[in-house]
Amino acid sequence: MTLAINQPIQQKALSFDEFLARYSGDNCYELIDGEVFDLEPTGLHEEVAAFITAKVCVHDGTGLPWFVLQRGLLRPSNIGMTAFRPDVAVIDRDELTKKLLWSEQSLLTLGSSIKFVAEVVSSNWQNDYARKVEDYAVLGIPEYWIADYAGNGGTRHIGKPKQPTLSICMLVDGEYEIQQFRGNQTIVSLTFPDLKLTAEQVLRAGR
């Protein structure tokens, strides 16, 4: 199966400011430790991201001033040469009042403004399963989904034989506790408890 390509595209490490100057107008790139990664999502990758977006929009049921942001730029303030671009992020609008540049650019610097993120796994799965698990936890994001629709992650993350897997990471005492769902298993989300979905529905984008 063809996967979204997520590979570094340059040799020279870029600072965040250099990355922003060069790539801020294109939402297909993110910066990790000075390396620029070309996300180049496939059609199914985008279908899965859109399905998650649609479901959390319909079922949020919180009554809170939240909205869904696709491919906004997240810059962890403690990491100078990194800027993530989550496939799906649920944002607390009230927290954005603390973010002075929000009206000028889709750039998030406060973990407190992000209530949920989802990443649809691409060919460079290490970023989703390792680096982002670590950094999103440090940022204090309560819930993080890793939607591996092709079963592309390493066996240490999704087991053997590898198969499509939805990993739901819940923040507990500063670290993620990870529960995995496959096939017709009903997923459990603390952020969106009214979701009535199976892992297969998410990973196949409702097909």
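The values are calculated or read from the model by the stated rules, or taken from the named source; none is laboratory data. Since this is a predicted model, take the numbers as computed values, not measurements. Positions of Cβ are generated from backbone atoms using ideal geometry, with glycine treated the same way; all protein chains shown enter the neighbour counts.
Six or more apart or on different chains, Cβ under 9 Å: which pairs go from a residue in segment 172-186 that's modelled with pLDDT under 95 to one that's in a loop (DSSP other than H, G, I, E, B)? Could you list them?
Within 9 Å, the pairs are Gly174/Gly140.
For Arg156, are the conditions met, namely being modelled with pLDDT of 95 or more, over 17 Å from the mean Cα position of the chain (by Cα) and over 23 Å from Asp33 (Cα atoms)?
On the way: modelled with pLDDT of 95 or more: no; over 17 Å from the mean Cα position of the chain (by Cα): yes; over 23 Å from Asp33 (Cα atoms): yes.
The answer is no for Arg156.
How about segment 32-51: which of its residues are surrounded by 18 or more Cβ atoms within 10 Å (Cβ to Cβ), more than 23 Å from Gly151 (Cβ to Cβ) and not hydrophobic (A, V, I, L, M, F, W, C)?
Glu35
Of the conditions (1) surrounded by fewer than 18 Cβ atoms within 10 Å (Cβ to Cβ); (2) in a helix (DSSP H, G or I); (3) basic (Lys, Arg), Lys196 clears all except one; give me its number.
Looking at each condition in turn, Lys196 falls short on (2).
Which condition number does Tyr23 fail, the rest of (1) modelled with pLDDT of 85 or more; (2) over 28 Å from Gly206 (Cβ atoms); (3) surrounded by 15 or more Cβ atoms within 10 Å (Cβ to Cβ) being met?
All conditions are met except number (1).
I'm checking my understanding of the structure. Among residues of segment 4-20 that are at pLDDT 85 or above and surrounded by fewer than 20 Cβ atoms within 10 Å (Cβ to Cβ), which one is farthest from Gly153 (Cα to Cα)?
At the first step, the residues of segment 4-20 found to be at pLDDT 85 or above are 13-15, 18-19.
Then keep just the ones that are surrounded by fewer than 20 Cβ atoms within 10 Å (Cβ to Cβ); that gives 13-15, 18.
On the way: Ala13: 26, Leu14: 27, Ser15: 29, Glu18: 31 Å.
Per the criteria, the residue is Glu18.
What pairs can you find where one residue is in segment 125-144 and of a type in the set (A, V, I, L, M, F, W, C), the other is at pLDDT below 90 and in a helix (DSSP H, G or I), and their Cβ atoms are less than 7 Å apart, with a gap of 6+ or different chains?
Sorted first by the residue in segment 125-144, then by its partner, the pairs are Leu139/Gly111; Ile141/Gly111.
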